[in-house]
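The values are calculated or read from the model by the stated rules, or taken from the named source; none is laboratory data. What you see is a predicted model; the values in this text were computed from it and never measured. Because the Cβ atoms are built from the backbone with ideal geometry, glycine has one as well, and the counts that use them run over all protein chains shown. We work out accessible area using only protein heavy atoms, side chains counted, and drop any ligands, DNA or RNA first. Shrake-Rupley method; radii C 1.70, N 1.55, O 1.52, S 1.80 Å.
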Amino acid sequence: MADLLATLLFFGLTRFVDQTGQITDGAGVVFYSSSPREAAARIDKGIALLKAGKVDRLVMVGGHRPQEGIVGSQEMALSAIRKSGYGARISADVTSRDTISGLQNLADQPGLTGARQLVFVSNCMHLMRAKTIYHSVAHGGPPARSACAKSSLNPIDIWKRAHYEAAAWVLYILPAKWRDSILDRLRGQGPTATQAL
C-alpha cells in the first residue's frame, strides 16, 4: 500500500513539471525512449513546439546502444524529419547513451549554439530528474524549461515508470565509476571508454 501511495504522490507531483504554456523561444532537447509509443509521443511534442514557434530547432539525445547496433537519437531525428519536413532544424547527438551523458554533451552540440534557453521534451516523471541533473552539470549553460509529452495513464505503466525513475535516481547518486560500470553492462561501453581501449 505504501508503494502505491508513493507512486501516486510522485506521479501527481510530476504533473507540475510541465512548462509548455510558459515557453516562448528556445531550442528543444528531445530525450530518447526505447518504447516506440513513448518515442513517438516525444517526437510529436517536439514537432508541435517547433510548429508553434516555441522552439526553433530540435536536438535528439540518448539511445547510443553499441551492443545492439543502434543509435536511438538518430532514429528519432530521422522519424521527426519524415513527420515534419523540418530537416534543417532537427539533429541528433549520436554519442549519448543515457540522460546524464546526454546532458553533459549539450555544450558540444552545434545544433544548440546560441540557444537562449533549452526546452527538455520527455515524460513528466523523467523531466524532474533531467532538470535536476542538468543543474548539476550545466555550469552556466542556458536556463532549461520542461515540456511534457503525452504519456500513458494506464496504472500499470505509471507504476513501472515510477519504479524505473526510482532506480535511475539511485544510479545517478552512485559514484561515477560505479554508475559507468553499471551502464557499461546495461547499454554497452560509452564512446569514451571504447576510445580508451
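Keeping to segment 57-77, report how many residues are surrounded by fewer than 21 Cβ atoms within 10 Å (Cβ to Cβ) and in a strand (DSSP E or B). Number satisfying all stated conditions: 2. Could you list, ordered by first residue, the pairs with Cβ atoms under 7 Å in which the first is in segment 93-113 and touching a residue at least 40 places away in the same chain (Cβ under 8 Å) and outside any helix (DSSP H, G or I) and the second is among the β-branched types (Val, Ile, Thr) and open to solvent by 20 Å² or more (accessible area, probe 1.4 Å), at least 6 apart or interchain? The qualifying pairs are Asn105/Thr95. Applying a threshold of 8 Å to beta carbon distances and a minimum spacing of six or more residues, or different chains, the list of pairs starting in segment 6-29 at a residue that is over 14 Å from Leu118 (Cβ atoms) and touching a residue at least 12 places away in the same chain (Cβ under 8 Å) and ending at one that is among the aromatic types (Phe, Trp, Tyr) and open to solvent by 30 Å² or more (accessible area, probe 1.4 Å) reads Thr7/Trp159. When the residues of segment 42-56 are filtered to those that are free of Cβ contacts under 8 Å to residues at least 60 places away in the same chain and part of a loop (DSSP other than H, G, I, E, B), the one that is surrounded by the most Cβ atoms within 10 Å (Cβ to Cβ) is Asp56. Taking each residue of segment 129-140 that is farther than 14 Å from Phe31 by Cβ and among the small types (Gly, Ala, Ser) and looking for partners that are part of a helix (DSSP H, G or I) and open to solvent by less than 40 Å² (accessible area, probe 1.4 Å) with beta-carbon atoms closer than 8 Å, six or more apart or interchain, yields Ala138/Leu103; Ala138/Leu106.
On the basis of being open to solvent by 10 Å² or more (accessible area, probe 1.4 Å) and within 20 Å of Arg179 (Cβ to Cβ), does Tyr86 make the cut? When the stated conditions are applied, Tyr86 does not pass them.
Restricting attention to segment 137-150, and to residues there that are open to solvent by 20 Å² or more (accessible area, probe 1.4 Å) and either assigned to a strand (DSSP E or B) or modelled with pLDDT under 85 (or both), which single residue is farthest from Gln104 (Cα to Cα)? Please lay out each step first, then the result.
First pass over segment 137-150, keeping only residues open to solvent by 20 Å² or more (accessible area, probe 1.4 Å): 137-143, 145, 150.
Filter once more, so that each one left must be either assigned to a strand (DSSP E or B) or modelled with pLDDT under 85 (or both): 137-141, 145.
On the way: Val137: 6, Ala138: 7, His139: 10, Gly140: 12, Gly141: 11, Arg145: 17 Å.
Among those residues, the one meeting the criterion is Arg145.
Quick check on Asp56: is it closer than 22 Å to Thr132 by Cα, of a type in the set (D, E, K, R) and at pLDDT 85 or above? Spelling it out, it is not the case that Asp56 is closer than 22 Å to Thr132 by Cα, of a type in the set (D, E, K, R) and at pLDDT 85 or above. Set side by side, the residues Ala92, Ala39, Ala80 differ, and just one is among the hydrophobic types (A, V, I, L, M, F, W, C) and surrounded by fewer than 24 Cβ atoms within 10 Å (Cβ to Cβ), which is Ala39.
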